[in-house]
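Undergrad: Below is the structure I would like to discuss, written out as structure tokens.
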Amino acid sequence: MPKGRSRLSTILWVTILLFLAVVLSFPKWITVFYPLPHQELIFREAKEHNVDPYLVFAIIRAESKYQNAAESSVGAKGLMQIMPETANWIAEQNGIEDFTLQELHQPEVNIRFGCWYLHNLSAEFDGNVPLTVASYNAGRGKVQEWLVGGTWNGEPEDIDRIPFPETRQYTRNVLKNYEAYQAIYE
């Protein structure tokens, strides 16, 4: 065997063994990719609004990658990427008169509003998680149109029938995140 190939093979094996040593010494290594930022706050607000906290984490991971200051090109703000019109409506529905859009960058406000909104959507869609997730992205009106028109039935195996590519990918992503969070932490 040529000397260069042997050295490369040795380096590869050492790298694999080091990787395995790290993984085996840190049994929950996957938590690095699926962290629980703002854990107390999310568990409290999720319980208050009767939503699964792991769904909240899954949405935050997909929406903002855990960045409080996140702001999308269309104006969605904060950890759960809440649109200004939606935030104002949530504030109105909850009797909050002195709300400002800048507050959406505060985790306490963003997560409280996001959990309330998830509960509201979940109630509208009878607890169907894929429909709730899709409506969080595309809006409840669009998802209702898809249901009434027979475009999509809300089943995870039929996600390919969601007519908006962004919402289709978003729904897949959040559901995978949700499944991962449940598998890791429950």
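Undergrad: Dipole of the chain, Cα-centred, from +1 at each Lys and Arg C-beta and -1 at each Asp and Glu C-beta, to the nearest 20 debye?
TA: Dipole magnitude for the chain comes out near 1400 debye.
Undergrad: Okay, next question. If you plug each phi of region 173-186 into the Karplus form 6.51 cos²θ - 1.76 cosθ + 1.60 with θ = phi - 60°, what whole-Hz ³J(HN,Hα) values come out, in order, with x for Gly and Pro?
TA: Computed from phi, the couplings for region 173-186 are 4, 5, 5, 5, 4, 4, 4, 5, 4, 5, 5, 6, 9, 8 Hz.
Undergrad: Please find the FRET efficiency linking Asp126 to Glu157, where r is the Cβ-Cβ separation and R0 is fixed at 30 Å, and quote it to the nearest 0.05.
TA: The pair Asp126/Glu157 has a calculated efficiency of 0.95.
Undergrad: With the convex hull built on the Cα atoms of the chain, state its orientation-averaged projected area in nm².
TA: 14.6 nm²
Undergrad: Can you pull out the GluC sites (Glu not before Pro) in region 34-115 that DSSP calls coil and that have at most 12 other Cβ atoms within 10 Å?
TA: Glu97
Undergrad: Can you tell which of Val51, Val14, Val133 shows the greatest fluctuation in a Gaussian network model of the chain with Cα springs below 10 Å?
TA: Looking only at Val51, Val14, Val133, the largest GNM fluctuation is found for Val14.
Undergrad: Going 7 Å from the Cα of Trp89 toward and past its Cβ, which residues in region 137-153 have a backbone nitrogen under 14 Å from where you end up?
TA: Residues 137-145 fall inside that zone.
Undergrad: Turning to a different aspect of this structure: Note down the nm distance, to one decimal, between modelled labels 7 Å out along Cα→Cβ at Lys65 and at Glu108.
TA: Spacing of the two 7 Å Cα→Cβ label points: 2.8 nm.
Undergrad: Now, a different point. Please give me the summed charge of the neighbours of Arg161: other residues whose Cβ is under 14 Å from its Cβ, Lys and Arg +1, Asp and Glu -1.
TA: Cβ neighbours under 14 Å give a net charge of -2.
Undergrad: Looking at region 27-102, which trypsin sites (Lys or Arg not before Pro) are in a loop (DSSP not H, G, I, E or B) and have at most 14 other Cβ atoms within 10 Å?
TA: Sparse-neighbourhood loop trypsin sites (Lys or Arg not before Pro): Lys28, Lys65.
Undergrad: Provide the FRET efficiency to the nearest 0.05 for the Ala183-Arg7 pair, computing r from the beta carbons and using R0 = 35 Å.
TA: After rounding to 0.05, the efficiency reads 0.35.
Bear in mind these aren't lab numbers, they're just calculated from the coordinates by the rules spelled out. Bear in mind that the values here come from a model prediction, so they are computed numbers and not experimental data. Neighbour counts run over all protein chains shown; Cβ positions are idealised from the backbone, glycine included.
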